[in-house]
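See structure below.
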Amino acid sequence: MRVLVTGHLGYLGGVLVPVLMGGGHEVVGMDSGLFADCLLGPAVADPGGHRIDIRDATEEQFRGVDAVVHLAALSNDPLGHLAPDVTYEINHHASVRLARLARAAGVRRFLYASTCSVYGAAGDELVTEDAVLRPVTPYAESKVRVEDDLRELADDHFSPVFLRNATAFGASPRQRVDIVLNNLVGHAMLTGSVRVLSDGTPWRPLVHVRDIAAAFLAALEAPRPAVHAAAFNVGMSSNNLTVAQIAERVVAAVPGSTLLITGENGPDPRSYRVDFSRIRDRLPAFCPRWSVGDGAEELYATYQAYGLTWADFHQRFTRLAWLTGLREAGRLAEDLRPAKFASAR
Ligand SMILES: NC(=O)c1ccc[n+]([C@@H]2O[C@H](COP(=O)([O-])OP(=O)(O)OC[C@H]3O[C@@H](n4cnc5c(N)ncnc54)[C@H](O)[C@@H]3O)[C@@H](O)[C@H]2O)c1
């Protein structure tokens, strides 16, 4: 299949693209390259494609494409608070526009990277894909709106699919340390302390980035009736952990580290325990493998091997800090278009 992957130069994209290519698919990228300089370790092969902002995509760019994997977004909760309007513009409006362009160009399947944070404040009960959505951040709200709008586009020729990923962890050539396990391992390695700012009680299901890639591949290759207009929670039940339990796995993986639960950020309303039976039943090719403990060990070994520094931990691999720095340096416009694109419009 010819697969267009938006956001292919990001954290998930850096792992997903080789998996799709390894599965025999031809990949075309689409990314404005916000984090192109955020490499940890050797560069990955870029499949090439469109170096554009997704807000500027055209129908022509989807001609001859069989399926789209839509990853591009301002990804994570604090980013949404940085610029809620731009978050909705990119994450919501541009995503829906992209799906319309793809449908008009004859693309048959549109895999959307949604998130389990759409469940928001869900309490202790296991939530299935049919649960009421209670997003508590602009980021999660934007994901709910896209799901709603894309569902309306589903027809006999166009199948949107919603992959509600748990919070990712693990090594990627385009690393992020602003997601919980990646952050805790880096902090523990650099300071000796595993520092939890909440009270540690919220449920936060996790999934390894390579297991997410396997889920996308399985959804891409599954028979249409198995996935048409369906939502899938992506993860595995043994990785439904509280933040305190995640921190304990980190202490076990990082030699000499100690646990400190400060509670200084007060209660965190984002708490959800997720049921992963639908993906297991409907996409049997998806076999998640990575436990949080194994992921913590992998991260520690990767950070050691590539010499993660304190400066890069806080800047290069933290999405919000990196974008703020690009804006201050004049490399990004207010609307987060790379300055060269903004001035060319
Ligand atoms: N990482 C997670 O824990 C996680 C969990 C659930 C869902 N997701 C979703 O998966 C997707 C990928 O996440 P990620 O962790 O790889 O994020 P990321 O920030 O590492 O990558 C996002 C990519 O999208 C690109 N991008 C952003 N805005 C763009 C625009 N307007 N035009 C063109 N390109 C643009 C960036 O340049 C970047 O390469 C996102 O949609 C995210 O919401 C991620």
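What follows draws every value from the coordinates through simple rules; no lab data is involved. Everything quoted here is computed from the prediction, not taken from an experiment. With ideal geometry, Cβ positions are generated from the backbone for all residues, glycine too; neighbour counts draw on all protein chains shown.
Residues Ile54, Ile279, arranged from fewest to most other Cβ atoms within 10 angstrom of their Cβ, appear as Ile54, Ile279. Within the P(r) computed for the chain, what percentage of the Cα pairs occupies the region above 35 Å? Tail of P(r) above 35 Å: 17 percent of Cα pairs. Placing R0 at 51 angstrom, the Cβ-Cβ distance between Ala121 and Ala45 gives a FRET efficiency of 0.80 after rounding to 0.05. Stretching Asp130 away from Ala301 to a fully extended chain increases their span by 57.7 nm, per 0.36 nm per residue minus the current alpha-carbon distance. Model label points for Asp335 and Ser237, set 7 angstrom from Cα along the Cα-to-Cβ axis, are 4.7 nm apart. Length available on full extension from Asp66 to His228: 0.36 nm per residue minus the Cα-Cα distance, which gives 56.8 nm. Straightening the chain between Asp281 and Ala244 buys 10.3 nm, computed as 0.36 nm per residue apart minus the Cα-Cα spacing.
Protection proxy ranking of 319-328, 64-73, 3-12, by the mean of other Cβ atoms within 10 Å over each peptide's residues and highest first, is 3-12, 64-73, 319-328.
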